[in-house]
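The values are calculated or read from the model by the stated rules, or taken from the named source; none is laboratory data. Remember, predicted model here, so these are calculated numbers, not experimental data. Note that each Cβ is placed from the backbone with ideal geometry, even for glycine, and that neighbours are counted across all protein chains shown. Each accessible area value is taken on the protein alone, full model and side chains, heavy atoms only, with ligands, DNA and RNA left out. Shrake-Rupley method; radii C 1.70, N 1.55, O 1.52, S 1.80 Å.
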Amino acid sequence: MEGSGSVVILAETAESGAPAAISLELLGLGRDLADGLGADLSAVILGSGMGDAARELAARGADEVIQLEHASLSTYNPELYQEAMLGLLKSFTPRVLLAGHTAMGQDLLPRLAFSLSCGLVTDCVGARVEGGQILFVRPVYGGNALATQRVTTATAMATVRARVGEAKAPTATPGEVKVIEASFAAPVRLEPKGRETLEDRECPLEEAPVVVSGGRGMGGEEGFALLRELASLLGGAVGASRPPVDSGWAPSTCQVGITGKVVAPDIYIAVAISGSTQHLSGMSEAGKIVAINKDPDAYIFKVSDYGVVGDWKQVLPAFTAALREAAPEQGGARWA
Amino acid sequence: MGLRIIVCAKQVPDPEGPPSSFEVNASERKVIPRGIPPVINPFDENALEAAIRIKESVGASITLLSLGKSLSRAVILKAVAAGADASLLVEGDAFEPSDLDSSSTASLLAAAIEKAGGYDLILCGRQAADTNAGQVGLGLACILGIPAITLAQKVEVEDGRVRVERVLPDGYEVVEAPLPALVTVSGELGDLRYPSLQAIKAAKALPQTVLGPDDLGVDPHGLARVETVGLEAPKRERSCKLVEADTPEEAGRKLALVLRQDKIL
Ligand SMILES: Cc1cc2nc3c(=O)[nH]c(=O)nc-3n(C[C@H](O)[C@H](O)[C@H](O)COP(=O)(O)OP(=O)(O)OC[C@H]3O[C@@H](n4cnc5c(N)ncnc54)[C@H](O)[C@@H]3O)c2cc1C
């Protein structure tokens with residue numbers, strides 16, 4: 001059957017309506033897997049009026065894009081998306097279905113995997129083909145170990161973290177776009193009742209080039225004001241470990257780590273953060289890591305490139321003031 | 001009959017233990033906890049807290065369900081004492097954690113829940129601290145054929161419906177479903193309360209059922225769909241340039257200069 005045995009990525013769109021960065025990364029990863037398996041690469045995008053996004057995906061490496069259309073798919077609804085995907089997957093059996101380890105991917109893929117009795121590997125930080133098999137790498141025990149796993153069912157499913165795949169340049173001959181009207185077999189039981197947006201969307205944490213994060217040692221909201229000052233000077237965003245979020249010093253949208261956001265900025269500045277595995281899981285891929293901590297034995301220094309041992313109350317204001325005064329060296333500034 | 005809530009709670013090695021307490025045994029593809037006690041998975045504690053809050057506002061009976069190879073009774077007792085009414089333990093050598101995956105675990109829990117005799121709401125943690133998979137709750141709902149809502153920061157029950165505030169990357173949304181339903185709970189909901197010594201004593205008298213693998217009528221072998229073929233310790237360490245000075249203020253200024261010189265900032 002057409003499409004059977006293929007590598008399929010489940011795409012999603014950013015707020016702008018264009019394919020999300022993670023989806024272009026998945027196309028890159030999907031291409032590598034498809035080449036390794038000698039298979040075709042397809043992308044599926046669900047929504048309403050997704051034509052432009054579908055064409056963009058077709059230009060970015062997909063052999064085929066399935067644009068699954070319905071007015072009721074304009075925002076993510078677990079049951080409608082599940083039904084639409086199950087309808088589509090009646091017509092072919094992919095070798096592998098990849099989605100981002102995003103809010104949607106984390107919610108939808110387990111539903112699909114259990115409905116279709118397929119094996120699913122979540123939160124992958126790597127995937128490769130070896131001896132005709134797909135191997136997935138994922139952190140376990142809060143990031144204290146990395147497991148390599150394989151799926152024993154005909155279709156493997158996986159959710160993949162941001163920045164694991166590498167987006168490829170647009171291809172000369174774009175793939176084909178197929179528009180399919182979605183159909184829903186089962187009745188809907190979940191009823192969405194509205195949403196509340198908290199995060200400052202001006203600089204979403206995942207996209208910020210610089211992230212300045214505070215930990216339990218900040219001791220309260222006041223310290224976070226200093227972190228915000230530093231972040232805005234550097235054109236970055238403020239993050240946090242879990243304790244400040246639990247204590248209400250920082251909104252939950254700031255949490256970095258295995259149960260918060262996974263970030264990989266050029267520079268990550270960790271202030272009064274000890275470096276727990278759960279936190280490291282969310283930021284250890286940063287370009288350069290800078291730590292300020294009063295405990296010389298804090299583990300964060302072992303995983304950092306630069307460090308100051310000292311109390312942030314003294315170190316941080318002086319650091320911020322000196323950065324403000326000294327003009328960046330030529331070529332070193334990304335924000336001047 | 002009042003509202004019946006089942007809370008699924010897994011015992012895991014204390015995830016807050018230092019990295020040295022997680023020994024990675026590559027040849028057996030197992031993580032061996034060293035010197036850290038078992039605890040209830042923190043997100044399952046959040047789920048239990050959600051259940052207790054519902055019980056406080058509309059009344060409910062709460063059954064704590066735990067499945068494992070050998071379950072610490074002290075850990076169960078403390079959790080039950082926080083506000084549950086009964087416990088259902090599913091225990092046996094067949095439930096070696098490294099032999100089970102999300103799909104076999106969900107099948108076993110579904111079988112145990114069928115034995116438990118009725119429910120209106122099932123609460124699970126969003127994911128377990130050891131496997132980090134985040135699949136069992138949704139899998140369980142799929143097997144039982146009930147609606148599921150993930151990542152709750154608030155759970156309320158009214159007029160036969162559950163109303164959930166669901167955490168999103170940039171805020172939250174409100175979703176409702178008719179009961180019976182399953183909800184997975186996130187850390188934002190809040191920590192599990194501590195039981196008093198008196199409550200712990202009283203909890204010893206609460207009903208506890210222990211089932212073995214044979215009681216479930218489900219053989220976990222052959223149910224797994226994901227196999228672990230390798231395990232290694234992560235490589236994260238970097239060499240750190242420590243910036244030193246006579247005073248902390250001076251060190252802060254020097255750090256700025258070093259980062260500028262190295263063209264980092
Ligand atoms: C299932 C699970 C999931 C989790 N998920 C996450 C997650 O996603 N993200 C996350 O971050 N955590 C997570 N955690 C929590 C994690 O285990 C740690 O508890 C947490 O990361 C510790 O945060 P911290 O480093 O800020 O606090 P601590 O470990 O308490 O460290 C505070 C640090 O501040 C330093 N300090 C104190 N005062 C000062 C001062 N005046 N100046 C300078 N330094 C100072 C101290 O030396 C210390 O190193 C999770 C835990 C579990 C169990």
Original post:
Can you tell which of A:D266, A:D297 is within 25 Å of B:E237 (Cβ to Cβ), within 13 Å of chain B (Cβ to nearest Cβ), within 13 Å of the ligand (Cβ to nearest atom) and open to solvent by 40 Å² or more (accessible area, probe 1.4 Å)?
Top reply: A:D297
Original post:
Can you find a residue in the stretch A:199-216 that is polar (S, T, N, Q), open to solvent by 40 Å² or more (accessible area, probe 1.4 Å) and over 16 Å from the mean Cα position of the chain (by Cα)?
Top reply: no
Subject >> Hits in the stretch B:250-260 - residues which are open to solvent by 70 Å² or more (accessible area, probe 1.4 Å) and either within 7 Å of another protein chain (Cβ to nearest Cβ) or of a type in the set (F, W, Y) (or both) >> reply: B:R253, B:L257
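For A:A322, state whether it is buried (at least 24 other Cβ atoms within 10 Å of the Cβ) and away from the ligand (no atom under 14 Å from the Cβ).
Numbers: buried (at least 24 other Cβ atoms within 10 Å of the Cβ): no; away from the ligand (no atom under 14 Å from the Cβ): yes.
For A:A322, the condition - buried (at least 24 other Cβ atoms within 10 Å of the Cβ) and away from the ligand (no atom under 14 Å from the Cβ) - is not met.
Restricting the stretch B:79-105 to residues that are in a helix (DSSP H, G or I) and hydrophobic (A, V, I, L, M, F, W, C), which is farthest from the chain's Cα centre (by Cα)?
Of all residues in the stretch B:79-105, those in a helix (DSSP H, G or I) come to B:79-81, B:93-95, B:97-99, B:102-105.
Applying the additional criterion that residues be hydrophobic (A, V, I, L, M, F, W, C) yields B:79-81, B:94-95.
Details: B:A79: 13, B:V80: 15, B:A81: 18, B:A94: 21, B:F95: 17 Å.
Checked the stretch B:79-105; the qualifying residue farthest from the chain's Cα centre (by Cα) is B:A94.
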Original post:
Taking the stretch B:217-246 as the search range and keeping residues that are out of contact with any strand residue (DSSP E or B) (no Cβ under 9 Å at 6 or more places or on another chain) and at the interface with chain A (Cβ under 7 Å from one of its Cβ atoms), which one is most open to solvent (accessible area, probe 1.4 Å)?
Top reply: B:E237
Subject >> Lone unmet requirement of (1) more than 9 Å from chain B (Cβ to nearest Cβ); (2) closer than 30 Å to B:R163 by Cα; (3) open to solvent by less than 60 Å² (accessible area, probe 1.4 Å) for A:S252 >> reply: (1)
Subject >> Residues of the stretch A:179-231 satisfying the condition of being among the hydroxyl-bearing types (S, T, Y) and either within 16 Å of the ligand (Cβ to nearest atom) or at pLDDT 95 or above (or both) >> reply: A:S213
**OP:** State yes or no: is A:S281 modelled with pLDDT of 95 or more, in contact with a helix residue (DSSP H, G or I) (Cβ under 9 Å, 6 or more places away or on another chain), within 9 Å of the ligand (Cβ to nearest atom) and not basic (K, R)?
**Re:** no
Original post:
Looking at the stretch B:152-189, which of the residues that are open to solvent by 50 Å² or more (accessible area, probe 1.4 Å) and under 18 Å from the mean Cα position of the chain (by Cα) is modelled with the highest pLDDT?
Top reply: B:K154
**OP:** Grab the strands (runs of 3 or more DSSP E) fully contained in the stretch B:121-201, keeping just those with 1 or more residues being within 11 Å of chain A (Cβ to nearest Cβ) and of a type in the set (F, W, Y).
**Re:** B:171-178
Subject >> Where A:A162 falls short, out of the listed (1) under 18 Å from A:A11 (Cβ atoms); (2) open to solvent by 30 Å² or more (accessible area, probe 1.4 Å); (3) modelled with pLDDT of 95 or more >> reply: (3)
**OP:** Starting from residues that are within 20 Å of A:S232 (Cα to Cα) and not aliphatic (A, V, I, L, M), keep the ones in the stretch A:244-263 and report whichever is farthest from the ligand (Cβ to nearest atom).
**Re:** A:P251
Subject >> Among (1) touching a helix residue (DSSP H, G or I) at 6+ places or on another chain (Cβ under 7 Å); (2) in a helix (DSSP H, G or I); (3) under 24 Å from B:S186 (Cβ atoms) - the single one B:I76 does not satisfy >> reply: (1)
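Does A:K168 meet the test of being outside any loop (DSSP other than H, G, I, E, B) and open to solvent by 50 Å² or more (accessible area, probe 1.4 Å)? Break it down into steps so the answer makes sense when it comes.
Numbers: outside any loop (DSSP other than H, G, I, E, B): no; open to solvent by 50 Å² or more (accessible area, probe 1.4 Å): yes.
It is false that A:K168 is outside any loop (DSSP other than H, G, I, E, B) and open to solvent by 50 Å² or more (accessible area, probe 1.4 Å).
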Original post:
Filter the stretch B:6-36 for residues that are open to solvent by 70 Å² or more (accessible area, probe 1.4 Å) and part of a loop (DSSP other than H, G, I, E, B); which is farthest from the ligand (Cβ to nearest atom)?
Top reply: B:S27
